[in-house]
Each structure stands twice: as structure tokens, then as C-alpha cells.
Amino acid sequence: MANETEEQDLKDHKEPDHSRRNFLKNSGYAVGGLIVGGVVGSLLRSPNKSTTNNNNNGNTTEKAPANEAVNFNQALMHFTQEQFLIMEAATERIFPADDNGPGAKELGVAYFIDHQLAGEWGVNGREYMQGPFFKGETTQGYQGRLKRREIFDIGLQEMQNYSNKKFQKKFKDLTPEQQDTVLKAFETDEVKLTTISASGFFKTIFGSTMEGAYADPLYGGNGNMAGWKLKNFPGNQMSYTKIIEQDKFEKMQPVSLREHLPHS
């Protein structure tokens, strides 16, 4: 009974019409929600990688030169390595790199999502999550009992299953066009799931990708404030008194919360 209610609740969530590039053009709405979320991150930009090694799982990993700064915050707190690779590939298709700037992978969006899931956001810590679970109104948010961690775990496994069934490859190994096909199948509910709504899950990773691209670097995404630079967003400025009466647009270098700390 509860599963049927949860499935119906998630299926009631309708997806906005968008394309990957429309995310960049229309994503200003996300900025208002950027300075929220769990406290996890650090703020160093991911270093350029120049050498590779093999880890214990046989996967190829990148190793920074000895004299190059390493972002030790880019480590997994919730995802398995396989889940992380799916998430990283999916977010890069939603927010791809192009001539305008870096994509989700360089911005560290998958790390942002992983760290958020490891914290209070991942267990819906600030939301009422007790039954009974009735069908909610269209104006209400998610009404089911599954926590975000559980929804991500189920959704990523279902993406992998669908990729293997349709293309006989894991999601991370698909071509960009094939990955788009999988994501579109989730977005339109072409994929039929029994536990969660495919379109509801797509909506969740879409929103999380936008937050990871534009939130303060404090939370682990928006590497080097490159997401803000894409939109000429000034970040956390202390004052606009010197320019507020100007008639022309003033392009400002963004400022993160970290820069308000005293430095010796």
C-alpha cells in the first residue's frame, strides 16, 4: 500500500521542458537556492591531472604532480565508486562543458551531490517523514517515505540496468548520445519503475546538478566559482554601494564565503 502511494506521489511530479543548453540559459532560478544545503564542502578547485595510476579495483585514476595542490575534499562519503561514475557522467550530460565554460565534471557537481547525500539532506533530516502516506496535492512536495539516499541508490541502479538492457553497456561507457537517450527515457517516464518514479528521479538529479554548479564552493561544487563566472554572478559581495546607482552594468569578480575569513 505504501509503495503504491509513493510511486503515485512521485509520478505526479511533472518535468519542465528543457534541453541541456537551456539549463545554462534558464537556470537563473536556481541561484536563489544555491546558498542552502548541508555543510560539507571545501573550496579548492580540482587540480589539473597529468598522470594516471590503477587502483585496487582495476579502475584508472588520475594522480596530481607532487608540487600541485590537491583537493582532499574530493572523496566519496556516500556513493560507491560505481554510483559516483554514473552520477558524474549523468550530470555532465545535463550540464556539459562547451565553449562557454566547464561542465559539471570539472565543477565537481557529483562530489557536491555525494556530500549532500551523506549529510542531513540525504536523510530528509529537516522534513516530516512519518506516515500515514497519502497522495499529496500537486502543489505539495514529495510525500513518500523513501529518503533521498534511498531514492538515489534505487535510481542509479535502475539507470545502470536500463543502460545494460538497451545498449549492453554500463551508463558510464555509453556514448554521449546514448547517455542522453537513457536520461530522456527517465525524464519522460518511458522507463517503468515499481519503487520510484523515473521522471521524479530525473527531476531530482536535474535540480541537484544545478545546485552543484551554482552553489557557493563551500559545498564542494562550483569549482573555482566557474559556475558563477558563466553567469557573471557576483557571489557573496559585502556591499554594492559604490555601483548601485550606476546606469551601466558592472562586471565584478565573484566573491565566495571563504574570502570573508580573516587571512594573515
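The values are calculated or read from the model by the stated rules, or taken from the named source; none is laboratory data. A quick note: this is a predicted structure, and the numbers were derived from the prediction, not measured. Please note: Cβ atoms are built from the backbone with ideal geometry, for glycine as well, and neighbour counts cover all protein chains shown. These area figures cover heavy atoms from the full protein model, side chains too; ligands, DNA and RNA do not enter into them. Shrake-Rupley method; radii C 1.70, N 1.55, O 1.52, S 1.80 Å.
Some points to look at:
- The residue that is surrounded by the fewest Cβ atoms within 10 Å (Cβ to Cβ), among those in the stretch 91-120 that are farther than 15 Å from residue 209 by Cα and acidic (Asp, Glu), is 99.
- One residue stands out among those in the stretch 106-144 that are within 17 Å of residue 197 (Cα to Cα) and of a type in the set (D, E, K, R): the one that is modelled with the lowest pLDDT, which is 135.
- In the condition set (1) open to solvent by less than 80 Å² (accessible area, probe 1.4 Å); (2) at pLDDT 95 or above; (3) under 15 Å from residue 224 (Cβ atoms); (4) of a type in the set (Asp, Glu), residue 88 is compliant with all but (3).
Condition check ((1) more than 26 Å from the chain's Cα centre (by Cα); (2) of a type in the set (A, V, I, L, M, F, W, C)) across all residues:
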{"site": "222", "(1), (2)": "no, no"}
{"site": "233", "(1), (2)": "no, yes"}
{"site": "249", "(1), (2)": "yes, yes"}
{"site": "256", "(1), (2)": "no, no"}
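- Scope the stretch 112-141; condition in contact with a Ser or Thr (Cβ under 9 Å, 6 or more places away or on another chain), farther than 21 Å from residue 221 by Cβ and of a type in the set (Phe, Trp, Tyr); matching residues: 133, 134
- Here is the figure for the stretch 116-144: residues that are part of a helix (DSSP H, G or I) and not charged (D, E, K, R) total 6.
- Scanning the stretch 121-140 for residues that are under 16 Å from the mean Cα position of the chain (by Cα) and open to solvent by 10 Å² or more (accessible area, probe 1.4 Å) turns up just one, 121.
- Matching residues in the stretch 82-115 - criterion: being among the charged types (D, E, K, R) and either outside any helix (DSSP H, G or I) or within 12 Å of residue 206 (Cα to Cα) (or both): 92, 93, 98, 99
- Helices (runs of 4 or more DSSP H) completely within the stretch 145-264 that count 1 or more residues being at pLDDT 95 or above, open to solvent by 70 Å² or more (accessible area, probe 1.4 Å) and within 21 Å of residue 80 (Cα to Cα): 148-167
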